[in-house]
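Have a look at the structure below before the remarks.
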Amino acid sequence: MMLLSVLLILLVLISLWAVMTPLLLRAAIGLAATSALLTMIMYQLGAPLAAVFELSVCAGLISVVFVSVVSLTHRLPLKEFMKRRQSRIKRFIFLPLLLVAALAIMLTIKLPFQLQLPAADKISDVRVMLWNIRRIDLFGQIMALLAGVYGVLILFRGRKTDGD
Amino acid sequence: MTYLLLFIPFAILILINLFPREKRTEPAFWLGLAVLVFQAGAVVASQFGYWGTILTSQLESVFGFNLQLYKMGHVLVMASALAGATALLVARATLKNKRDRFNFVGLLLVSLIGINGIAMVTDIFTLYIFIEVTALATFILIMLNREQAAFEGAFKYLIMSVVATVLMLAAVSLFILIGGGTSFLDVKMAVISDPLAYTALLLFLCGLFIKGGMVPFHGWLPDAYSSAPTAVSVWLAGIVTKASGIYALIRLMVIFGGLEPLQNIMLTVGAASIVIGALAALGQKELKRLLAYSSISQMGYIVIALGSGTVLGIFAALFHFFNHTLFKATLFANVAAVEEQTGTQEMEKLGGLAQKMPITGLTSAIASLSTAGLPPLSGFWSKLLIIIALWISGHYFFAAVAVLASVVTLAYFLLLQRQAFFGLVPAALKEVREAGPILLIPAVFLSLLIVVIGLVFPFMIQMVLR
Amino acid sequence: MILEFSFRFDQFSIFIASSIAIFTLLIGLYALIFMKGNRASGQFLVYFFLNCFFAIGAVLANNLILLLFFWESLLLTMFGMIMVGGRESYKTAIKAFIIIGITDLCMMVGIALTGQLAGTFTMSAISVSTAGLGGFAFIMLMIGALAKAGAMPFHTWIPDAASDAPLPFMALIPGALEKLIGIYFLTRVSLELFKIEPASWASLLLMIVGAVTIIFAVLMALIQKDFKKLLSYHAISQVGYMVLGIGTALPVGIIGGLFHMINNALYKSCLFLTGGAVEKEAGTTDLTKLGGLAWQMPVTFACFVVAALSISGVPPFNGFFSKELVYDGALERGWIFYAVAVAGSFFTAASFLKLGHAAFLGRSDTKSKEAPWPMLLPMVVIAAACIIFGVYNTLPIDRIIAPILGSHALEGHKFSGLPANMFLVLMTLIVLAGAVLNHLYGVKKSGKAIGAADHIHYAPVMHSLYDRAEKKIFDPYEIGMKLANVAARILYGIDRFVDWFYEVFTVRIVLLFTSLIKWAHSGNISTYVIWSLVGSIAVLVMAWR
Amino acid sequence: MVIDQLFWLFFMTFILLLIEGFYCVTVTYNLFRILIGLEVLIKAVTLFVIAAGYLSGHLALAQSIVITIIVIEVVVVVVAAGIILGFFREFDSLNVKNARRMKG
């Protein structure tokens, strides 16, 4: 419980950093760190398979995509950057305040009801769950990936080319 | 049959990619059309109980999917076949680049699989997956031409779609927490017994409202519709947003229809969509944007019918759902024809096209009047049934809203007709001629359906309502 | 609630349906020739016969919803037929569409309410009282029926259509067919669905609407200077007699109203057909340019005379008998209604004297020839029917109209043959004579000889009076005519106001909201995200339990 | 009672992450940062699903759902990145003001 609380607090803080940092590259790295923390939480909760996915796909693949997008888009000149930064600070300064306020409100109110939890599931093996019970989800995943392939083919093509 | 509806498009999707690069566009078109014809044929055949016995039993052992196709799903599958065929034909006529045409067929098949999945799901998380698959294919379809505006439209759609995802998945996790499962049966048990699960259901409905573009969740819809290539607009307006938002709503309302507060939400959201969509459409200057707002308004009719909480209301909602596919696909096909022949879709630059393009003018008039709910066209019957359903269930105010908004509907369509199809022909359009047969075939076919259904329906109603 | 769609074949509905079929046939023959050479003649004829189909469907329907289906389909064909008229006709078509569309919506509300109150939509099974909500339903249904028939204040599209739409349209739709089905439905509503009593407010309301329509439209007609426009105002005015007759809720009035309905359909379509023949042959319908056509188009002139005598209520033509019955009923309910009806009769006669004189008599400037036979045939047939229905009025009244009410309602009375009340006949004759004198007086005082038809059209009443007014200010005749003139002007203002309300005011309000909504869609994605978040919270709050 | 407290803990984290994400999406002027905000939102939901599975003892179900969510998330991010790149090529900027041309 103690460890879990620390991890959750860290999760909030790191994602806050990812959102607030002025540099896009740092934001991408912050997001990868958030994913890594989420992985640890999942592991703590006893969900190692999902944790592996989170680590490899979100912390790995998505970060690669993000970093390449950041590197493909050019940086602003320093003067422009500083100007933007000032306006950013003005706009984002309220976020930590908002978070603190929300936290304070939620800490004062207790859970207004008792949770009524269902009976535990008979199937505890993820593989059985995914491959036998929820096979249709796998089919959906394949279709989503196919759409992603089309997306890469169409969107990452250079500027508009004429003809086939 | 349930498996075939997923696997035949999938197999064709693989097949068209196996052709050599230079020769694949034509076969892709014809195979795509064949899939849609199969869909329509399957629905008709299943009415006679033909498919269930022959093929399903053998396939069942191979794929253990939890899918079921109810009678309701037939409407969606049929509508998607009609809208898809129209979109394919329009794409063939309007997309100039061969590669674009090929990719269009592929993405259409992906989203078709998503829609067929939506028609058959029995699990709320699987429903989300198929909605997302449809949406993913649609983002890419919108950017098919990679026009400047399309990036804006697609990005807005994507952002709102992720917001919807967040709402829906939060709901799913609450269902897991309380119901211990995500199948419709588990969800129903949880919602009846626990207020937290009930809140989760509301969150899920909000997600569906975003996907279906209901007021005030509709911000992305006009931009996405009007920035997409017209062939994609046919597909988007004809079926995609309706399948992923509205059909899922109908499905959930069939399961949870008895809950009083849900009906109030449906009525309020529906009425807001009807009124705001219609009023906004009145002020539009582009054909596609006008049709987009009109879609919002028409979706409002479907949702308000769900709010009546009666069987007649749900039947009316499904009927209007189907009718909307008919007339919106016709109208977008007409827009494609106009755009193809004149090079613009801004109403101020158009005029007098009924003289130059008589068939396009006539079909668009039929479709517009059907949208406005004028007899003897099919739109009249669905609107009438919606109003009757509202009236019978005692929602007089909402019935009045529905009736009055149809006046505004009429107004903006008359405006459209006057600016685009009647009046004087501008000097720039003197040389305009009727569009080619590829664009006319779907428009004529669909408007014939509108008229025939409108004329036949009064004699069918006893049979249908039973 | 079960929606059972059935049809109904009784005396009344079959009579109206067959009348519709006959009129469509005759005027269709006429339209074949008239529309020859028009680019859209094929389209027009399609709408024309579809219109007949829908009208017969509406008359025969025994279910209110089925009736609504056919009824609103008429809107579509009407729109199409006006559209065919040419470039300028679009505005008129839209106007007609909006007015009829809105009133049809009122009717839809009325039908829903009636169905709700009666528990069924089957017309033969409905019986509702006019108290409370039923009264509202009655008014809503009445609005639908009256708008179709073209009574005040739903008439403003008819004069516009007269100048824009093709003439066979005017002869059939506002002249005959819409009257038939409008009055048919009004009769069904007031006598069957609601069974209004002679002393009820509903009856009084109908009579007031009828009386106002009579006097209003006929005064408007008096100052028109165009053949078709003048006729179109009479098309409105005559509806007043029918509504007045049915509104009396007395057997004699109802029979008079129904008989007047069929008579009006006859002579009004005949008048429009002569107008069409004049337009086709002389090339214009402007009364300032017409004249002396009587010798060039004798058959047309003869038909015009018969129809004009009928509409003015001269014995022994059919209009006389039906008007007498209506007068009888009106007098029984109150002298004021009778007075208005008789005044209407006076102005009708005056305006037709003016019209006939201006168009057919006098000197001719144009060289016209007689219309071809397919155009003449319908005119002659209808004119003959006017005479037959007048002289042998036993045939339509005893055979067709009286059985509609049922024998117990008639209480052994007989309404055919010569009018029972000789006082009324005398009054009518006096009024007609007055109209003739008035005409002669007006012509004489217009400054030229009687034959100067091209001068008379300039409002035979007003112009001569204005000349005289400087010398004889206190002439009671002149004061009376001046008042009539002022009333006509005021009514014209009201007419324009109603028009403004439909076309400008409502549109402005709607456009204001439209621009507000457009402003709110700023294109900013964060706005849209915030909307949906606020919407979600609103949904959660609304449905909290 | 422990379960309730744990649930409340996860719920608070979930809400805080949602606030961060939505704030980022609505306030920023940079398209890329909107994407970061969306990612934070999806992370929040992923955490909540796993927590729900853990608390109710349906961890297998929750895991299989999370795996699917992650796969879909990747595709969404890739498509969004493609849109952003295309946007950059068109406008030579990532400013969201360029994406406000369609209005009314």
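The values are calculated or read from the model by the stated rules, or taken from the named source; none is laboratory data. These figures come from a predicted structure and were not determined experimentally. Neighbour counts are summed over all protein chains in view; Cβ atoms, including those assigned to glycine, are modelled from backbone coordinates with ideal geometry. To get the accessible areas, we keep the full protein, side chains included, count just its heavy atoms, and leave off ligands, DNA and RNA. Shrake-Rupley method; radii C 1.70, N 1.55, O 1.52, S 1.80 Å.
Couplings for region B:116-128, taken from phi via the Karplus curve 6.51 cos²θ - 1.76 cosθ + 1.60 with θ = phi - 60°, read 4, x, 4, 5, 10, 5, 10, 9, 6, 6, 5, 4, 4 Hz in order; Gly and Pro are left as x.
Taking 0.36 nm per residue of sequence separation and removing the Cα-Cα distance, the B:Ser193/B:Leu404 pair yields an extension gain of 72.0 nm. Each residue was assigned an accessible area with a 1.4 Å probe, and for C:Val189 the value is about 0 Å². Within chain A, the whole DSSP H helices whose Cα atoms reach 18 Å or more along their own axis and whose mean Kyte-Doolittle score is at least 0.5 are A:2-20, A:24-44, A:94-108, A:135-155.
Semi-axis lengths, largest first, of the ellipsoid equivalent to region B:254-336 are 27, 15, 6 Å, with √(5λ) applied to each eigenvalue of the Cα gyration tensor. Relative to the 2.2 N^0.38 Å rule of thumb, the protein assembly as shown has a C-alpha radius of gyration ratio of 1.09. For region B:240-288, the C-alpha radius of gyration sits at 1.44 times the compact-globule guess of 2.2 N^0.38 Å, with N the residue count. Per-residue SASA remark: B:Val232, around 0 Å² accessible (1.4 Å probe; ligands, DNA and RNA not included). Sorted largest first, the principal axis extents computed over the alpha-carbon atoms of region A:1-75 equal 44, 24, 8 Å. Estimated from helices alone, the mean residue ellipticity of the protein assembly as shown at 222 nm is -24500 deg cm²/dmol (sum of -39500 (n - 2.57) over DSSP H runs with n ≥ 4, per residue).
Return one number: the angle in degrees, 0 to 90 and rounded to the nearest 10, between the long axis of the Cα atoms of helix D:59-91 and the longest principal axis of the Cα atoms of chain D. Taking the Cα atoms of chain D, the angle to D:59-91 is about 10 degrees. Using the Cβ-Cβ distance between B:Ala34 and B:Lys98 with R0 = 25 Å, the FRET efficiency computed as 1/(1 + (r/R0)^6) comes to roughly 0.80. Could you give the length gained on full extension between C:Ser124 and C:Ile336, defined as 0.36 nm per residue of separation minus the Cα-Cα distance, in nm? The span from C:Ser124 to C:Ile336 would gain 72.8 nm if fully extended. Computed from point charges on the beta carbon alone (+1 for Lys and Arg, -1 for Asp and Glu), the dipole magnitude for the protein assembly as shown about its Cα centre is near 2600 Debye. Extension gain for A:Leu25 to A:Ala120 (0.36 nm times residue separation, less C-alpha to C-alpha distance): 29.9 nm.
Here A:Leu98 and B:Lys71 are evaluated by their C-beta separation; at R0 = 60 Å the FRET efficiency comes out at 0.75. Among A:Trp131, B:Trp220, the order of accessible area from largest down is A:Trp131, B:Trp220, computed with a 1.4 Å probe on protein heavy atoms. Against chain D, whose longest principal axis comes from its Cα atoms, helix D:31-56 is set at around 10 degrees. The string of couplings for region B:276-288 from the Karplus curve (6.51, -1.76, 1.60, θ = phi - 60°) is 5, x, 5, 5, 5, 4, 4, x, 8, 10, 10, 4, 5 Hz, one whole number per residue in order, with x for Gly and Pro. Taking the inverse of the mean reciprocal distance over all distinct Cα pairs, the Kirkwood hydrodynamic radius of chain B comes to 22.2 Å. With one equal scatterer per alpha carbon and no solvent term, the Debye-computed log10 I(q)/I(0) for region C:12-195 at 0.09, 0.10, 0.16, 0.19 1/Å reads -0.31, -0.38, -0.91, -1.21. In this view, the solvent-accessible surface of D:Leu16, computed with a 1.4 Å probe and all protein chains in place, comes to about 20 Å².
Karplus-derived 3J(HN,Hα) values for region D:6-19, using 6.51 cos²θ - 1.76 cosθ + 1.60 with θ = phi - 60°, are 4, 4, 4, 4, 4, 5, 4, 4, 4, 5, 4, 5, 4, 4 Hz; glycine and proline are entered as x. Fraction of C-alpha pairs exceeding 27 angstrom in chain A: 51 percent, rounded to a whole number.
Once C-alpha pairs closer than 8 Å and six or more residues apart are averaged by separation and normalised to the residue number of chain D, the relative contact order reads 25 percent. Taking amide H as placed 1.01 Å from N in the peptide plane, the amide H of B:Asp123 sits under 5 Å from that of B:Phe184, each at least 5 places away or on another chain. Label separation (C:Arg508 vs C:Ile537): 3.8 nm, computed from points 7 Å beyond Cα along the C-beta direction.
Mean sequence separation of contacting Cα pairs (under 8 Å, at least six apart), scaled by the length of chain B, corresponds to a relative contact order of 14 percent. The dipole here belongs to region D:2-94: it is taken about the Cα centre, uses +1 on the Cβ of Lys and Arg and -1 on the Cβ of Asp and Glu, and is about 40 debye. For the cross-link pairs C:Lys225/C:Lys323; C:Lys36/C:Lys228; B:Lys71/B:Lys288, the ones whose C-alpha atoms lie over 29 Å apart are B:Lys71/B:Lys288.
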